[in-house]
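Read the structure below first, then the notes.
The values are calculated or read from the model by the stated rules, or taken from the named source; none is laboratory data. For clarity, every value in this text was computed on a predicted model and none was experimentally measured. A quick note on method: Cβ atoms are made from the backbone with ideal geometry, for glycine too, and the neighbour counts reach across all protein chains shown.
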Amino acid sequence: MSDPAHSVSHNTAASAASPTLDDLFRRAVVRKPEAVALVDPPNKQRVSAQTPTRLTYAETDRAISGIAKQFIDAGLPPGSILAIQLPNIVEFPIALLAAIRAGMTVALLPQLWRQSELANALTRVGARALVSLGRIELVDHGDLAMNAAAEVFSVRQVFGFGTNLPDGMTQLDIAAHASAEFDFPHKLDSRQPAIVTFDVTADGLCAVPRNHIQLIAGGLAVMLESGMPSEANILSTVTPTSFGTFVSTMVTWLLSGRSLALHHPGDLQILEQQIASPHHDVLVTPAPLALRLAEAQALSGRSSLGHVIGLWRTPERVSSSEQWRDGKVSLTDVLLFGEIGLVAAQRLNDGSPATINVGVQCAPRAVANSRSVGELVVTPKGTLALRGVMIPVSSYQRTGQSSVSLNDAPPQVDSGYSARVNRNTNMIEITSPPGGIFSIGGYRFLSKDLEEWSKRLGSDTMLTALPDQLNGHRLAGRAQDMGRVREALGELGLNPLMVEAFRNRAEPA
């Protein structure tokens, strides 16, 4: 299979002079070297057995250069792909920016992926190296990384943060590898791919590379529509392993040039403590969680928080969602269409979702003659297609989802979401998700894969997806011997969402 790093379309109006993500970071270093750049989750010790840290831009810059130099010294050439599987801690953005500074493309691997999924993704992109962590909570990710890398011929190096790393894994440490400015020989080009994320289409796993221009376009769409301050301190509860989470956190942070505080998902009490801090202007979080926090009055009146970026992995549910109940904090709904693209729309004054019309999308949409950030089209077969700079058309050509429009219109990618246009208002109504694909939080599964695994596990086994208000769907399994099935799935290196589907409901979670 061809290297996805070379499949990014260069047919864009932006010039080679457009900034890279590294350029954005370096600008912030020059402006405010002693300002806080990154803040760890308070419970990092529990998550990764490491002490939480707070880094200035100057300290972060030195750490990035030091780790980038180590990547280069390990023999990783510019243009190669380095994969990262890390939790939401400061090592994630540092390793990512280090790889980019070294001229590499970063493949973002979701935290719940296990050996089977890791090996598949690494093979798909031809990764040369992998960065992981010794342990994430109770899971030994060091061994997972080494075992997955052993299955992939292209992987030549495995790096790890943390302690008690397995034999063969090269130690990375922010403090140990921090160094003065290093003269990197490779000049970065904003038209070259910066990251690769992974989508699930009807054809299976799809690698989706994006260049710096496309990523910055996505970040600007979110930033402009939300009305966040131009220099905003951001608190993020999502790990940036998808296009939507990446541009809503990493890119908005780099555009703002202020601080990015990280939250490791799963501890609501810790999150409420972080929200209460006077140091955050913007919260980035899944939209269903944001609505619950607003209903519990956990947002306004407790901090400087003024804006919430709510991410919807189930965009068909936005129009029927409950009203936003916090008059002092604004909510911007960000509708995510897999890895294809996004649409951002700030809530109306009464807290109801904004209407989204067919055609050109501008940001901020409430301001006349504002900047165009994309276009929405309803196809003849009644599905929603997306156009614009942020859309990776070439990545979906193999799946048949991308097409060249008539009348010299720009190419588009069909999201597969069923949609119709209200002829009286020109408003788009998204009615249902793509058929045959289940979305569970940040993970997507093909229904045919679930059926196949059920058959392989035995005639008495069933695995299906049920609707879930918070995550879109949840997996539910049934078998005569639930413990045996869980053990078998774990040994096969499958996603723990599948393993836990066969948990005995009489047992505590």
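Annotations
- Considered as a group, the residues in region 198-237 that are of a type in the set (Val, Ile, Thr) and modelled with pLDDT under 95 include one that is farthest from residue 445 (Cα to Cα), and that residue is 201.
- Region 341-394: number of residues that are in a loop (DSSP other than H, G, I, E, B), in contact with a helix residue (DSSP H, G or I) (Cβ under 7 Å, 6 or more places away or on another chain) and of a type in the set (A, V, I, L, M, F, W, C): 2
- When 232, 287 are checked against the criterion of being under 21 Å from residue 364 (Cα atoms) and buried (at least 23 other Cβ atoms within 10 Å of the Cβ), a single residue qualifies: 287.
- Only listed residue being farther than 30 Å from residue 391 by Cα, free of Cβ contacts under 8 Å to residues at least 24 places away in the same chain and aliphatic (A, V, I, L, M), chosen from 268, 299, 305: 268
- Subset tally (residues that are in a helix (DSSP H, G or I) and aromatic (Phe, Trp, Tyr)) for region 278-314: 0
- Some residue of region 43-58 being crowded, with 23+ Cβ neighbours inside 10 Å, within 25 Å of residue 145 (Cβ to Cβ) and at pLDDT 95 or above: no
- Considering residues of region 242-287 that are of a type in the set (Asp, Glu) and farther than 19 Å from residue 346 by Cα only, the residue modelled with the lowest pLDDT: 267
- Scanning region 425-442 for residues that are at pLDDT below 80 and part of a strand (DSSP E or B) returns 438, 439, 440.
- Restricting the first member to region 396-423 and to residues that are β-branched (Val, Ile, Thr), and the second to residues that are at pLDDT below 90 and part of a strand (DSSP E or B), the beta-carbon pairs closer than 7 Å and six or more apart or on different chains are 399/201; 413/402.
- For residue 58: the one exception among (1) touching a Pro at 6+ places or on another chain (Cβ under 8 Å); (2) of a type in the set (Gly, Ala, Ser); (3) under 29 Å from residue 268 (Cβ atoms): (3)
- Every test in (1) closer than 24 Å to residue 265 by Cβ; (2) out of contact with any helix residue (DSSP H, G or I) (no Cβ under 9 Å at 6 or more places or on another chain) is passed by residue 275 save one, and that test is (2).
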